[in-house]
Amino acid sequence: MDDNKKYVLECENLGIVFGGLAAVNDFNVKIGEKQVYGLIGPNGAGKTTVFNLLTKVYEPTSGSIKLNGVDTKGQTTVSLSKMGIARTFQNIRLFSNLTVAENVMVAMNQNMKYSLFESTFRLPRYWKEEKAARAKALELLSIFDMQDFADVKASSLPYGAQRRLEITRALATNPSLLLLDEPAAGMNPAETAELMHNIGKIRDEFGISILLIEHDMSLVMGICDEITVLNFGMVIAQGTPAEIQSNPVVIEAYLGKQKED
Amino acid sequence: MKKMKNLTKAQKSSSLTYAVVIVAFAIMFALKTSGSLSSKMTGMLVPICAYIVMAVSLNLVVGIMGDLSLGHAGFMSVGAFAGTIAIVSMQYNGVESAGLRLVVGIIVGAIAGAIIGFLIGIPVLRLNGDYLAIVTLAFAEIIKVLIQNMYLDLDENGFHFSMVENTNTTNLETARLIIEGPMGIRGITKISTFVAGFILVMVVLIVIFHFMSSRTGRAVMSIRDNRIAAESVGIPIFKYKITTFTLSAAMAGAAGVLFANNYSTLISAKFNIDTSILVLVFVVLGGQGNMLGSIIAATALTILPEILRGFSDYRMLIYAIILIAVMLISNNSQLKAAFDGLLIKLKLKKAPDEEEGGKA
């Protein structure tokens, strides 16, 4: 690949060891601007662990992560959010007692400046920023046609809408890299097709890169520019969807070895 | 969204709470001035206000932040002593206006509560769940014992402080012994009034509701609902938790000053684990995160032991039975549904999803 190209994410020899078990080992990935990148692999391959390393839920035991060319060593989950990483979770993690709009507005917190003093006395900056934040939240919600549910409690949304709200909330942090952990899990084919369309739309409208974990192959093959396959914490293949589909090592990892004779 | 008819649930809940408090105050104030209130009831008005402030401020920690604190009486104690010291010294220095002394005292109490809340919060808020409850309990007991061993005098040369003995003033005739160790502060002029209590309750409610609809409040509630997700969207957990804890401790400190200046004597043994648990009972009974519930529970459970005084020895037994019965009834979905149905029939026929936000 062209070395002068700007990368949103560069992982070099990334790895983590849990008590002697190398959950992820020698993970190398380069994600360019506006790229949709797929991370696939059988269950337990270490895909979510990679996400947790990227967002510093776990501290890597080896290797480095660069975000927009800046080394993320010493950063925390919170500060990485400011640096431009946003994520969703495999098991949905919403703020279930807050409303849909509030869920999105929480994610805008770091861009809001008014102090506790200003909100207690309801000074002008409070009203100005709250109004702007709500307008922005409704605008973001409209990507998934959810603006009408803005004042509904998040936990009362149907499953698919909860997944979409999680993505909206992640977008509200203004990321340059969006990590989606099985966004299509539990969705029917029609919903998956719509999601695929929306992921492309997000990439184009927001100009961000997306790294996604997914088991739904129609989605992965249909939308990803490049794919990395993990098995037992090791990268076993990397390439375009067409290359991955025909790679014998990948087929073996998913389906097992064919009989020799 | 632009139209005001669509008030959010939070706005509805806060307006209802303000309305209930104001109406209740107006009724009680009218009864009190017309002299149709027994002296026992009149004497309870200020403590009720103080306990309401305690309950809603603890609800901020338990219901909004989602952490169990068993040390709320400690902050009340710190505020009560700091505020009363300020009030007594102002009196010693000839500040005539009782209203001014009370206001300054409450502010001093709130600041003292905030400082101690902040300092205790630094180590304590790194813990979760039961551990946090135990450590806050321990800190409240430490505060109690520390104050029991304090001696503070005031004379023309200023304050004299000792943790050993109280004979550190040079001039016993003109000196004012403020804190006398285990005997606490004696000879307090009862300057707390029902009106002051009402104003404090309203101020605290406004602060809490404004907090809940600010970015800080949302951040704290997001931590309560899902800590990992909150971190992933850039919410610094500790910063928001300590802000909330400090705010809550400041309110408890203010409540302490109001409470203390309703009696002639203030001893730190009053602010023990029993008081902390009592306030927690208000919160749990009223519903976590439900401010109006806390207010009603605090009022009812402060009056109840007095009403039951006629049962003499069986008083606390009946008190406990009523408490258990209320908890059972409020957690029984069938009874709740029947009650909701009754409300819909009696009042406006509103949609079933109109009920209050609290969940016990």
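Below are the figures for this structure:
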read-out: Buried solvent-accessible surface, both chains (A, B), 1.4 Å probe, Å² to nearest 100; value: 2700
read-out: GNM flexibility winner over chain A from A:Val152, A:Val29, A:Val104 (Cα, springs under 10 Å); value: A:Val152
read-out: Positive-end extreme of charge dipole, the protein assembly as shown - chosen from B:Leu258, B:Val164, B:Val61 (charges on Cβ); value: B:Leu258
read-out: Simple spin-label estimate for B:Ser15 and B:Tyr92 in nanometres, 7 Å along Cα-Cβ; value: 5.0
read-out: Förster radius 51 Å - calculated FRET efficiency between A:Lys82 and A:Ala193 (Cβ-Cβ, nearest 0.05); value: 0.90
read-out: Extension gain from A:Asn91 to A:Ser64, taking 0.36 nm per residue of separation minus the Cα-Cα distance; value: 7.0 nm
read-out: For segment B:121-190 versus segment B:65-111, the gap between their alpha-carbon centres in whole angstrom; value: 13
read-out: Segment A:Lys73-A:Ala185, length gained on full extension (0.36 nm per residue, minus Cα span); value: 37.1 nm
read-out: Only Lys, Arg (+1) and Asp, Glu (-1) charged, at Cβ; segment B:2-354 dipole about Cα centre in debye; value: 1760
read-out: Within 10 Å of each Cβ in A:108-118, the average number of Cβ atoms from other chains; value: 4
read-out: Rounded Å value of the spacing that divides the Cα centres of segment B:240-265 and segment A:107-145; value: 30
read-out: Solvent exposure ordering (accessible area, 1.4 Å, most first) of A:Tyr58, B:Tyr314, B:Tyr18; value: B:Tyr314, A:Tyr58, B:Tyr18
read-out: Signed unit charges on C-beta, dipole axis of chain B, positive-most listed residue B:Ile87, B:Gly181, B:Ala24; value: B:Ala24
read-out: Pairwise FRET efficiency - B:Glu173 versus B:Arg309, Cβ, R0 = 51 Å, nearest 0.05; value: 0.75
read-out: Two-site FRET efficiency, B:Met202 against A:Asp26, from Cβ-Cβ distance with R₀ of 56 Å, rounded to 0.05; value: 0.35
read-out: Mean-position separation - Cα centroids, segment A:202-261 and segment B:50-64, in angstrom; value: 53
read-out: Accessible-area value, B:Ser268, 1.4 Å probe, nucleic acids and ligands omitted, Å²; value: 10
read-out: Segment A:94-105 - phi-based ³J(HN,Hα) in whole Hz, Karplus 6.51/-1.76/1.60, Gly and Pro as x; value: 9, 8, 5, 8, 8, 6, 4, 5, 5, 4, 6, 5
read-out: Long-range HN-HN contacts of A:Asn247 with modeled amide H, under 5 Å; value: none
read-out: Under the Karplus curve 6.51 cos²θ - 1.76 cosθ + 1.60, θ = phi - 60°, whole-Hz ³J(HN,Hα) for segment A:164-169, x wherever Gly or Pro sits; value: 5, 5, 4, 5, 4, 4
read-out: B:Ser264 versus B:Ser330: modelled label distance in nm, points set 7 Å from Cα along the beta carbon direction; value: 3.7
read-out: Nearest-ten-degree value, helix B:72-92 long axis tilted from longest Cα axis of chain B; value: 40
read-out: Label point distance in nm, A:Ala135-B:Asn272, each placed 7 Å from Cα along Cα→Cβ; value: 5.9
read-out: Peptide A:86-99, shielding by other chains (average Cβ, 10 Å cutoff); value: 4
read-out: Degrees separating the helix B:273-286 axis from the principal Cα axis of chain B, which is the longest one; value: 20
read-out: Per residue accessible area of the protein assembly as shown, 1.4 Å probe, in Å²; value: 46
read-out: For chain A, built as a Gaussian network whose Cα springs stay under 10 Å, the top-fluctuating residue of A:Glu182, A:Glu194, A:Glu102; value: A:Glu194
read-out: Only Lys, Arg (+1) and Asp, Glu (-1) charged, at Cβ; the protein assembly as shown dipole about Cα centre in debye; value: 1980
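The values are calculated or read from the model by the stated rules, or taken from the named source; none is laboratory data. No experiment lies behind these values; they were computed from the predicted model shown. Positions of Cβ are backbone-derived with ideal geometry, glycine not excepted, and every protein chain shown enters the neighbour counts. Side chains included, ligands, DNA and RNA excluded: accessible areas come from the protein's heavy atoms. Shrake-Rupley method; radii C 1.70, N 1.55, O 1.52, S 1.80 Å.
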